[in-house]
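First the structure, in the form of C-alpha cells, and then the observations on it.
Just so it is clear, none of the values below were taken in a lab; they were calculated from the coordinates. Model, not experiment: these values are computed from the prediction. No Cβ is skipped: glycine too gets one built from the backbone with ideal geometry, and neighbour counts run over all protein chains shown.
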Amino acid sequence: MEARSPSRWGAQEWAAVAMFLAVLAVPWATDDLLVQSIVNRVLIGAMAALSVFIMLRMDLLSFATPAFMALGGYAAVLLTMHGVTEVLLIVPASFLVPALVALPLGALVLRLRGVYFVLVTFVLTEILQLVLFMTPRLTGGADGLAGFPAPTLLGTELSDARSVLALAAAMALLAAVITAALTAHFRQHFAAIEENEVLAESLGLVVWRYKAMGFVVAAGIAGMAGFSLGNMLLTVHPTSFGAQQAVDTIVYAIIGGRGSILGPIAGASLLVTVSDFLGNQGQYAQGLFGLLLILVTLVARGGIAGAVAALARRLRAPRAAAGPAAAAPEAARGGA
Amino acid sequence: MEPAAGAVAGVEELRVENLAKRFGGLRVLEGISFALAPGDLLGVIGPNGAGKTTLINVITGRTPPSGGRILLGGQDITGRPTHAVSRLGVVRSFQQTNTFKAASVRENVSRALRFSGGAGPQGWARVAPLLDAFGLAPRLGEQSDKLPYGLQKMLGLTLAYAANPKVLLLDEPAAGLERSERTRVDEFVRHVRACGCSVLIVEHDMDLVRRLCPRIIVLDAGVVLAEGPPAEVLARQDVIAAYVGADAAGDEAA
Amino acid sequence: MGRIAKRSLVAAVVAAGLTFTAGAGAQTTCEVRIGALGPMSGPAAQWGLAMLGAAELAAAEANARGGLQVGSQRCSVSVLSYDTRYTAEGAAAGVNNLASQGVRFLIGPVGSPEVTGAKPVATRHRLLMFANSYAKNAIGPQWPLVFHLGPGPSEWAPPIVRLAKEQFGMRSVAIVAPNDQGGTDIASVDAEVYRQHGITATEEYYQRGTTNFAPIVTRLLASRPDVVDTASSPPGDAGLIVRQLRQAGFTGPIGRLGGPGTEEIIRVAGGIDVVRNFYWYEVAPTEDPRVRAISDEYRRLLNREPPENTNLWLWVVGARMTLRAIERAGTATDTNRVAAALRELPVEDPNLGRGAWTGQSFFGINQELSLPFGMGMILDGRMVGVRRIDVSPQ
C-alpha cells in the first residue's frame with residue numbers, strides 16, 4: 001500500500017490559521033461599524049478566494065465560485081426559513097450542498113483544462129443565475145430571499161452585529177483549516193498536477209481523483225462563503241453571485257499570490273479594504289484591480305505573498321553568504 | 001550497476017494484436033501486431049509521422065485505439081486509463097524532457113515513487129544506482145528545470161523507471177542529447193533489462209538502435225513495413241526507400 | 001514574513017477605522033450628515049448621480065438658510081455618498097460605510113437589488129431610508145423606517161397606458177427588461193396594466209450587461225407586436241434596443257413605462273428621427289417652469305451644471321422632506337421620531353406642488369411619497385412634450 005509521507009503543515013498554513021484565530025477577537029475588540037463591516041467582507045472574500053486558490057493549486061482557473069457560493073447560501077437560508085436555524089447544522093449544510101453538486105459536475109468539467117475550463121466554469125455561473133431566475137417560488141427569483149430568521153447556536157440567536165461577525169470569523173477559520181489540511185496533505189500531488197499533469201498520470205497518479213477532491217472541497221468552501229455573505233447582508237440575492245464576483249474573487253487570489261495559502265488572504269484583505277475606500281468611485285476600484293492584475297502577471301507572478309517571500313529571501317541572503325562553503329561537505333556526503 | 005534483487009516481480013508479456021488508430025478519416029495505425037516477452041528489447045523506427053508516438057500513446061491509454069487489443073500477461077488492458085496501465089506496469093518516457101519543472105530532483109523521484117505506489121526506502125534503493133550513474137545523486141536538491149538538458153532527459157528516464165515498470169516504452173530517449181551523452185541511454189537500457197523489464201524504444205539514432213536492439217520494427221504510414229534483426233531489416237531496399245533515404249545510406253557508408 | 005505583511009494589513013484596516021472614529025468624535029459643531037447611496041459608476045450611474053445631486057441641493061438650500069434648526073441647535077448639513085455598483089452587496093456595504101461615518105438618513109438607493117440589500121442592514125442600524133425602487137416589496141409594514149419615492153408603476157402606468165392607447169390604438173405590446181429584480185418587478189406590473197386595458201402583452205427578459213441586443217430584438221419582433229415597451233431597462237440599453245429595433249425594420253411606436261433617461265435614449269439610438277414615435281413615463285412634469293427652476297437653483301447654489309437625469313427633481317423633494325422632518329422632530333439621531341414626523345408632513349413642495357402619501361393598498365403601509373408625474377411623447381420624430389399628471393391621495 002502507498003506509504004504517505006507525513007503531511008506536515010508549513011509556517012504558512014499555521015500563519016493562515018493563526019490569523020483567522022486572531023480575527024475571532026475583532027468583534028469584541030471594536031464597535032466601529034466600518035471596521036466590522038470591512039473585516040466581515042474581508043473574511044467572506046478570503047473564503048471565496050481560498051476556494052479559487054485550491055483550484056489554482058491544480059492550475060485550474062475557476063469562474064464557478066459564485067455559483068457554489070449561491071448554492072451554499074441559498075441552501076442555508078432555505079433551511080432557516082424551514083425552521084432549521086442551528087449553525088451546527090446549517091454551516092455543514094452550506095458546505096455539503098455545493099460539494100455534493102460539484103461531484104457529478106466535476107466528472108463533466110474536470111476533463112477540461114486551460115481556457116476551456118475557464119469558459120465552462122464561467123458558463124456554470126451564468127447558468128446558476130438563470131436557474132435562480134427561473135425558480136421564483138423556491139429561491140425568490142430575481143427578488144432573492146430576505147427576511148429569514150437569524151441563525152442560532154445551541155438556542156442562542158446570533159442576530160446582533162457582533163455575533164454575525166463572530167460567526168463569519170469562525171467559518172473563515174474553518175475554511176482556512178480545511179484548505180490548509182487539504183493542500184498540505186496533497187501538496188506533492190497538487191504540485192505534480194500543476195507542473196506536469198501528463199507525467200503525473202503516466203507515473204500512476206489517479207489525477208481525476210485529486211482534481212475531484214479539490215473541486216468538491218473548493219465548492220464546499222465557496223458554499224460557506226455564500227452563507228456568510230447571506231448572513232451579513234440578511235438576504236441572498238442573485239446580484240451577489242454573478243460573473244463580477246467571480247472576477248473579483250479570482251483577482252483576490254492572483255494578486256494576493258497563488259503560490260501560498262496566505263496569498264488569497266492577503267489579496268482579499270487589501271483589495272476589499274481598498275475598494276471600500278474607493279467606495280464612491282466603483283470604476284476606480286475596477287480599474288485598480290485591472291492594473292494590479294497586469295502588474296502581477298508581468299512583474300510579480302507570485303503576487304503579494306510571492307513578492308514578500310522573495311524580499312525575505314533577499315534580506316536573508318547576506319547572512320547566508322557563508323553558506324556555500326558550509327554546505328559543501330554536506331553535498332560531498334550526499335554524493336558519496 | 002547491480003540491480004536491486006527482486007525489484008520487479010512477475011514480469012509479463014506485452015502483446016499487441018491488430019492495433020488500429022484513426023483520427024477522423026486519417027489512418028495513423030493499422031494492423032499493428034507484435035509481442036514483447038519478458039526481458040525483450042524491441043526497437044521501433046520509421047519516418048516522422050509514421051505513428052511511433054501514437055503507438056505509445058495508444059498502448060499507455062492516452063488515446064483509445066480504434067481497433068485491436070493490448071494484452072499484458074494475457075490480461076486485456078485495452079482502453080484503460082493511463083494511471084491504471086501505469087500501475088499495471090506499463091510505463092513510458094516522453095520525447096521532450098519531462099520532469100516536474102519547479103520541483104527538485106529529490107521531489108521528482110519521490111513523486112514518481114509515491115504516485116506508482118512504491119514510496120519508501122526500497123524504492124529509493126532501486127533508483128539510487130541510476131542517480132549515481134547519471135551524476136544526479138549530488139544534485140538532488142537542485143530544481144529540475146535548472147539542470148542541463150541532458151540531465152533533465154536522464155531524470156525523465158529515471159522517473160519512468162522509478163514507477164516500477166514491467167514494460168518500459170521509451171519515446172526517443174536519445175533525441176536532443178550530445179553524442180557523448182548517448183551512451184547513458186545504453187547504460188539505462190542495460191540496467192532496466194537486467195531487472196527483467198522488457199523495453200520498447202522508439203528512436204531515430206540508427207547507431208543506438210543497431211547497438212541495442214536485437215530486433216526492430218519499421219513503421220511507415222501506420223503499418224508495419226518490416227520486422228527482424230536490424231542488420232537485415234535496414235538493408236532492405238523498401239525500408240531504405242521509405243525511411244532511411246540518403247541520411248541512413250550515408251550512415252551505412254560511415 | 002507573510003505573517004508580518006498580514007499584520008500590517010490588519011493594522012492598516014484598524015488604523016483606518018480609528019481615523020473614522022476620530023473623525024466622528026471630532027464633531028464639535030452640530031452637523032447633520034445625510035448619505036447618498038446608489039450606483040455612481042456603470043450603466044445606471046445617471047440615477048445615482050441624480051440622487052447625489054438632489055441630496056447636495058437640499059443640503060445647500062438648508063445651509064443657505066443658515067442650517068437646520070434641530071431642537072435648540074443650528075446644524076449644518078453635509079452629504080456623503082457611496083457607490084453601490086447596483087448590487088445588493090454593494091448597497092449593504094455602503095450602508096455600513098455611511099453609518100460608520102455618522103450618517104443616520106439615507107437618500108437612495110435607486111434599484112431593486114440595492115434596496116433589497118440595503119434595507120436589512122439599514123434597519124439593523126436604525127437608519128431612515130428614502131428608497132426609490134419599483135420592487136413589489138420595496139416598502140412594507142416590517143420596514144417602518146423605509147420610505148418610498150413614488151408613485152410606483154401601479155399608480156402611474158394606468159393613466160399613461162390609457163393615453164397611449166388613445167394616441168396609437170395598439171392591440172399588442174412586447175415588453176423588454178433586464179432579468180433581475182430591477183427589471184422584472186416593474187415589467188410584470190406594466191404587463192398587467194396593459195392587459196387591463198385590453199392589450200395583449202408579452203414579456204422578454206435579458207441578462208443585465210448584455211451589449212448585443214440582436215437576438216432579443218429578433219425574439220421581440222417574433223410576436224409581431226404593435227408596440228415595444230422598454231420598461232425599466234437602463235437608458236443605455238434602451239437606446240441600443242431602440243436603434244436595433246429600427247434597424248430590424250420595426251416601425252411601430254416604442255414605449256417606456258419604466259425610468260427616465262429619454263435624452264440618453266435619443267442619443268444612443270442615433271437621434272430623434274430614429275426614435276420617431278415614443279411615449280414614456282417621466283418622474284416629474286419636466287416642462288413645468290416651476291419644476292425646471294430646480295435646475296437653476298442647483299446652478300445658483302452649487303455653481304455647476306446639475307446632473308441631466310430628471311430623477312433629480314423627484315429626489316430633491318425626498319431630501320427636502322427628510323430635512324424638514326428632522327427639524328420638526330427636533331432630533332437628528334432618533335430616526336423613529338423623525339419617521340413619525342415625516343409621516344405627518346403634508347406633501348407640498350415649492351417646485352413640484354401638491355402630492356400625497358400613498359402605498360397603503362399596494363404595499364400595506366402609507367409611506368410612499370407620491371408626487372405629480374409626467375407622460376412624455378415623441379410623435380413622428382418631433383418632441384411633443386411632457387404633460388403633467390397629478391396623483392390623488394388614498
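Taking H as built 1.01 Å from N, whose amide H comes closer than 5 Å to the amide H of B:ILE217, not counting residues under 5 places away?
The answer is B:GLY43, B:VAL44, B:ILE45.
Once amide H atoms are built 1.01 Å from N in the peptide plane, which residues 5 or more positions from B:VAL28, or in another chain, come under 5 Å H to H?
Amide H neighbours of B:VAL28, under 5 Å, 5+ apart: B:LYS21, B:ARG22, B:PHE23.
If neighbour count is taken as other Cβ atoms inside 10 Å, put A:MET69, C:MET170 in order from fewest to most. Please list the in-between numbers first.
On the way: A:MET69 35, C:MET170 20.
The most exposed by this proxy come first: C:MET170, A:MET69.
Taking amide H positions as placed in the peptide plane 1.01 Å from N, state which residues far from A:LEU158 in sequence (5 or more) or on other chains have amide H under 5 Å from it.
The list, which skips near neighbours in sequence, is A:THR152, A:LEU153.
For the protein assembly as shown, what is the mean residue ellipticity at 222 nm derived from helices alone (per DSSP H run of n ≥ 4: -39500 (n - 2.57); sum divided by total residues; nearest 500 deg cm²/dmol)? It would help to have the intermediate numbers written out before the result.
Details: 38 runs with 519 residues, N = 984.
It comes out at -17000 deg cm²/dmol, rounded to the nearest 500.
Which longest run of chain C has no exposed loop site in it, a site being trypsin sites (Lys or Arg not before Pro) in a DSSP loop with at most 13 other beta carbons within 10 Å, and the site itself not part of the run?
Longest gap between qualifying sites, sites excluded: C:172-303.
Sort C:MET383, C:MET40 so the one with the fewest other Cβ atoms within 10 Å of its own Cβ comes first.
In order of increasing Cβ crowding within 10 Å: C:MET383, C:MET40.
Please label the shape of the protein assembly as shown as rounded, prolate or oblate, based on the square roots a ≥ b ≥ c of the eigenvalues of the alpha-carbon gyration tensor (a/c under 1.5 means rounded; beyond that, a/b larger than b/c means prolate, else oblate).
It comes out prolate by the Cα gyration axes.
Please state, as a whole number in µm²/s, the translational diffusion coefficient that the Stokes-Einstein equation yields for the range B:100-163 at 25 °C and 0.890 mPa s, with Rh defined as the Kirkwood radius across alpha carbon pairs.
Using the Kirkwood radius from Cα pairs, D works out to 218 µm²/s.
State which stretch of chain A is the longest one without any exposed trypsin sites (Lys or Arg not before Pro), exposure meaning a DSSP loop state and at most 16 other Cβ atoms within 10 Å.
A:114-300
For chain A, what relative contact order do you get, as a whole percent, if you take Cα pairs closer than 8 Å and at least 6 residues apart?
Result for chain A is 31 percent.
Do the alpha carbons of any pairs in B:LYS52/B:LYS166; A:LYS211/B:LYS21; B:LYS52/B:LYS153; B:LYS21/B:LYS101; B:LYS52/B:LYS146 sit beyond 27 Å of each other, and which pairs?
A:LYS211/B:LYS21; B:LYS21/B:LYS101; B:LYS52/B:LYS146
Quick check: net charge around A:VAL217, other residues with Cβ under 14 Å of its Cβ, Lys/Arg +1 and Asp/Glu -1? Mind showing how you got there, number by number?
Numbers: positive: A:ARG57, A:ARG209, A:LYS211; negative: none.
Summing Lys and Arg as +1 and Asp and Glu as -1 gives +3.
Who wins for biggest fluctuation among A:LEU100, A:LEU154, A:LEU79 in a Gaussian network model of chain A, springs between alpha carbons below 10 Å?
Highest fluctuation among the options: A:LEU154.
Test of understanding: ordering C:TRP313, A:TRP208, C:TRP357, A:TRP28 by Cβ neighbours within 10 Å, fewest first, what list do you get?
Result, fewest neighbours first: A:TRP28, A:TRP208, C:TRP357, C:TRP313.
Rank A:ILE193, A:ILE127, A:ILE261 by mean-square fluctuation in a GNM of chain A with C-alpha springs under 10 angstrom and give only the top-ranked residue.
Comparing A:ILE193, A:ILE127, A:ILE261 in a Gaussian network model of chain A, the most mobile one is A:ILE127.
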